[in-house]
Structures are given as structure tokens and as C-alpha cells.
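Reading through the C-alpha cells given below for one structure.
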Amino acid sequence: MPHSGKPSGPVVCRKAPNRPESPPNKALQLTRRSGGRSAGHPPEYPRGFTGGAQLSAGPLGRSQRLRMTETDDLEGYQLPLPARVAARAQVLSAQAYRAILERSATDPQAAEAHADCIAWCEREGLQSEFEPQEWALISTPLGQLSQRDEVNASWLTEPAVCLAWALGQVDLPDYETEADGAAVATALRFLDDAANGFRAQSELRPQAELESLLETYLTLHWRLREFSLRPVHLDFAAFAGQCRWANMRLDQVRLVDDDLSVGGSPLVTAPESLWRNCLSIASERHRAAEWLLGQHPLYSEVTADT
């Protein structure tokens with residue numbers, strides 16, 4: 001059925017409900033000292049791990065992973081359960097953490113933190129959520145990640161913040177603002193002995209809010225991707241209102257001169273570094289929203305098509 005381009009559900013609630021603050025996670029202090037995200041942007045999906053540890057260490061097979069969903073029959077797969085969403089978010093945070101540790105490869109504290117991360121994942125039973133290439137990435141000895149793998153993994157804070165938001169644990173940053181990886185990891189009880197209980201007690205926001213998230217980031221991803229291919233002005237307000245292949249939402253974005261605003265300017269005059277950063281943010285969050293709404297049980301199989 002054609003869509004009008006008007007919001008079909010509630011506006012995405014950006015705020016997390018009031019919850020007790022998690023205690024500071026001392027193990028994440030190293031990530032704050034190491035700085036922000038690795039320089040560079042992730043490529044288009046699909047993408048894979050390019051090297052490092054052997055794949056035989058740890059993760060369970062596909063049929064065992066599917067037991068964490070509502071059904072192990074792919075034909076009938078619907079939505080991931082809250083505990084699965086929490087586990088997936090922790091796995092994404094583990095990979096982003098591994099990327100940050102790569103920048104401190106010669107620091108003895110980083111080597112200790114790396115070993116602690118692997119041991120924590122094993123102790124918490126997260127190997128059932130890791131896909132083989134993901135486990136290979138976090139198991140790679142420090143100093144041996146390829147630059148591509150380090151960059152790709154560093155961007156996984158963006159899908160992690162979407163899942164943390166869906167679990168009601170954090171506020172969702174603006175589409176121009178990168179997520180704070182350490183804050184997200186702490187909210188997800190990453191490297192915390194309470195992680196298992198956190199997963200067991202997790203709850204998801206209403207599906208209508210998850211659908212609003214998907215529509216918003218599909219809209220953003222499409223416009224930014226289109227601009228990367230054809231860098232010209234577009235009356236985005238008019239286009240979104242007439243779009244028939246998707247329900248484009250503009251209630252969560254800013255417009256200048258009827259086009260998407262980045263850095264307070266319309267896309268056509270925005271600095272390339274800013275709009276490309278927004279494109280990477282939108283792509284990663286779009287993919288997370290697609291996974292949340294059941295596109296495929298395996299995260300590596302999810303596409304963020306525009």
C-alpha cells in the first residue's frame with residue numbers, strides 16, 4: 001500500500017525512562033584514555049573480518065544461536081526477544097572495545113583488559129551470540145587487527161546505542177552525534193558481573209517506537225547515501241511526502257532550505273567530513289533497527305538497503 005510520507009506512529013521517544021545509574025565501570029577507563037573512534041568510515045554492507053585469530057575458538061553453530069530467538073525456524077522468525085537484544089548489544093560493545101584496545105597494543109594494561117574481556121564473554125555465556133567472525137575479531141592478539149577491521153569494529157558503538165535505547169537504558173543521540181561508547185557499554189553492564197541478570201530482566205520499548213526508529217534512520221540513510229552519489233540540492237520535504245516505496249519520517253530530523261540539515265547547513269554546503277560522519281552513523285543505526293524488527297536473526301545477514 002502506498003505511503004503518504006506522513007508519520008504513521010508515535011514519534012520516537014529519545015529519552016530513557018528513569019532508572020538507577022549503573023556504577024562506574026573501572027575496566028572502561030582505558031577506552032576513555034585512548035580517545036574516540038578510529039579514523040575512517042565503514043564500507044557498505046556486507047563486510048567481513050579480514051584476518052586474525054582462528055575461527056575455531058568458541059562460538060556455537062547457527063542452530064544453537066537461533067535458540068535465543070522466538071523460534072529456531074528461519075521461515076517463521078519474527079523478532080528477537082529482549083534477552084537476545086541485550087546479548088547482541090553486549091557483543092557489539094565487546095567488538096567496539098576490542099577496536100579501542102588496538103590503539104594501546106603496547107600498553108600492558110591493554111593486554112590485561114583484552115584477556116579480561118575474552119574471559120568475561122566466556123563466563124557470561126555470550127559465545128552463543130557471537131558469530132564466528134566476531135569471536136575471531138575479539139580474540140585477535142593486540143597489534144594484529146587490520147586497519148579495516150579496527151575501523152569497522154569501532155563503529156559498532158552506533159548499533160549498540162540503538163539496542164541500548166530499545167532496552168530503555170540510554171537516550172538516543174542526535175543523528176549528528178556519535179554515541180559515547182564507554183557510557184553505552186556501562187549501561188549494558190559490559191564487563192560487569194551483573195550482565196547475566198541484566199539480560200534476563202531486559203524489556204523492550206513498544207514495537208511502534210522501534211518502527212519509528214527504523215523509519216527515521218531509513219529516511220536519514222537514504223538522503224545521505226543519495227547525496228554521496230549525487231551531491232545536489234533536493235527538496236527533501238517534498239520528496240518524503242510523495243515517497244511511495246517507504247514511509248519517510250521527517251519529524252526527527254532538521255531541515256534547512258527544505259533539505260537535510262548537517263552542521264546547521266543544507267547538505268549541499270555542509271562540510272564533507274560532517275555529512276560523511278552522519279552517513280556512517282545513519283547506516284549503522286539503520287542496520288540495528290532492521291535487526292530489531294526481524295529482518296534476519298543473524299546480525300551479519302542484515303542489510304541496510306536504501
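For (1) crowded, with 22+ Cβ neighbours inside 10 Å; (2) closer than 25 Å to residue 215 by Cα; (3) modelled with pLDDT under 95; (4) in contact with a helix residue (DSSP H, G or I) (Cβ under 9 Å, 6 or more places away or on another chain), each residue gets a yes or a no:
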| residue | (1), (2), (3), (4) |
| --- | --- |
| 91 | yes, yes, no, yes |
| 100 | yes, no, no, yes |
| 151 | no, no, no, yes |
| 177 | no, yes, no, yes |
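Only residues that are surrounded by 21 or more Cβ atoms within 10 Å (Cβ to Cβ) and closer than 19 Å to residue 305 by Cβ were counted across the stretch 237-259, and they come to 4.
Might you let me know whether the stretch 114-125 holds any residue that is in a loop (DSSP other than H, G, I, E, B), touching a residue at least 24 places away in the same chain (Cβ under 8 Å) and more than 30 Å from residue 262 (Cβ to Cβ)? Yes, that holds for at least one residue. If only residues of the stretch 256-288 that are part of a strand (DSSP E or B) and touching a helix residue (DSSP H, G or I) at 6+ places or on another chain (Cβ under 6 Å) are counted, the one that is farthest from residue 166 (Cα to Cα) is 259.
Evaluate the stretch 85-107: report whether one residue or more is within 25 Å of residue 252 (Cβ to Cβ) and touching a Lys or Arg at 6+ places or on another chain (Cβ under 7 Å). Looking for residues that are within 25 Å of residue 252 (Cβ to Cβ) and touching a Lys or Arg at 6+ places or on another chain (Cβ under 7 Å), one finds at least one in the stretch 85-107, hence yes. Just a yes or no: is a residue in the stretch 114-121 more than 15 Å from the chain's Cα centre (by Cα) and not hydrophobic (A, V, I, L, M, F, W, C)? Among the residues of the stretch 114-121, at least one is more than 15 Å from the chain's Cα centre (by Cα) and not hydrophobic (A, V, I, L, M, F, W, C), which makes the answer yes.
The residues on offer are 167, 145, 172, 191, and the sole one that is at positive phi and either buried (at least 24 other Cβ atoms within 10 Å of the Cβ) or in contact with a Leu (Cβ under 9 Å, 6 or more places away or on another chain) (or both) is 191.
Yes or no, residue by residue, for (1) over 14 Å from the mean Cα position of the chain (by Cα); (2) farther than 29 Å from residue 114 by Cβ; (3) part of a loop (DSSP other than H, G, I, E, B):
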| residue | (1), (2), (3) |
| --- | --- |
| 142 | yes, no, yes |
| 149 | yes, no, no |
| 163 | no, no, no |
| 197 | yes, no, no |
| 203 | yes, yes, yes |
| 209 | yes, yes, no |
| 212 | yes, yes, no |
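Pull up the stretch 165-191, narrow it to residues that are of a type outside the set (A, V, I, L, M, F, W, C) and assigned to a helix (DSSP H, G or I), then point me to the one that is farthest from residue 124 (Cα to Cα). In this case the residue turns out to be 181. Of the residues making up the stretch 214-233, just one is buried (at least 23 other Cβ atoms within 10 Å of the Cβ) and more than 21 Å from the chain's Cα centre (by Cα), namely 227. Is it the case, given these coordinates, that residue 282 is at negative phi and at pLDDT below 95? In short, no.
Residue-wise test of (1) in contact (Cβ under 8 Å) with a residue 40 or more places away in the chain; (2) in contact with a Phe, Trp or Tyr (Cβ under 8 Å, 6 or more places away or on another chain).
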residue: 257; (1), (2): no, no
residue: 261; (1), (2): no, no
residue: 269; (1), (2): no, no
residue: 274; (1), (2): yes, no
residue: 285; (1), (2): yes, yes
residue: 290; (1), (2): yes, no
residue: 295; (1), (2): no, no
residue: 299; (1), (2): yes, yes
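The values are calculated or read from the model by the stated rules, or taken from the named source; none is laboratory data. Source: prediction; values computed, not measured. Positions of Cβ are backbone-derived with ideal geometry, glycine not excepted, and every protein chain shown enters the neighbour counts.
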